[in-house]
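This report refers to the structure that appears directly beneath it.
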Amino acid sequence: MTTPTPDEPPAPKPAPATGPAAEAALPRSTVTVARFADYAGAQQAVDYLSDNGFPVERTAIIGTDLRLVENVLGRLTIGRAAVAGLASGAWFGLFIGILFTLFSSASWIGILITTILIGALWGAVFGAIAHAMTGGRRDFTSRSSLQAGEYAVTAEAEVAEEARVLITRMTWRSAH
């Protein structure tokens, strides 16, 4: 290991990062300028800011009090699982068939029909087997969504008062 001698200049220090990437990395002070019960209201407020020339790239819509809501759509039977697998398998078969037709000189329609049918068959088989293997632990279909209890529109501190004035004007006009 060598040590620098007094005659050698010290190693240069890296220059601080500049530009948009550095600006994005620095946390900015934000202020909540309005709160809304639904996303549509918050979106309408930001749209109003945009329509009035406000720099909307300095705003954010933040959902708080998040909860996961799972809506049960119906009962899942082996038959329904097989039909879902059949549909997925048919799409996969279509994809494979298109790839085969690109590199084959045979009848393209025959290749497509064959691969779709084979994909549908295997999809139905695998769908039914996969559902049967769950042992009845999840015999329903559902759709999950993330919902917020409240939506806050925030703006950077330097422009927050301007945003607050514009949103107040928007709500005042819609009330009268």
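Run down R164, R173 and say which single residue is without any contact (Cβ under 8 Å) to a residue 40 or more places away in the chain, charged (D, E, K, R) and out of contact with any helix residue (DSSP H, G or I) (no Cβ under 9 Å at 6 or more places or on another chain). Matching residue, one of R164, R173: R173.
Let's see how each residue does on (1) touching a helix residue (DSSP H, G or I) at 6+ places or on another chain (Cβ under 8 Å); (2) at pLDDT 95 or above; (3) basic (K, R):
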| residue | (1), (2), (3) |
| --- | --- |
| A90 | yes, yes, no |
| I111 | yes, no, no |
| A120 | yes, yes, no |
| G136 | no, no, no |
| F140 | no, no, no |
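Could you say whether any residue in region 141-164 is closer than 30 Å to Q44 by Cβ, of a type in the set (F, W, Y) and loosely packed, with under 12 Cβ neighbours inside 10 Å? No. When the criteria are applied in full, A124 fails the requirement of being surrounded by fewer than 16 Cβ atoms within 10 Å (Cβ to Cβ), of a type in the set (G, A, S), free of Cβ contacts under 8 Å to residues at least 60 places away in the same chain and out of contact with any strand residue (DSSP E or B) (no Cβ under 6 Å at 6 or more places or on another chain).
The values are calculated or read from the model by the stated rules, or taken from the named source; none is laboratory data. None of the values given here were measured: they were computed from a predicted structure. When we count neighbours, we look across all protein chains shown, and the Cβ atoms used for this are built from the backbone with ideal geometry, even at glycine.
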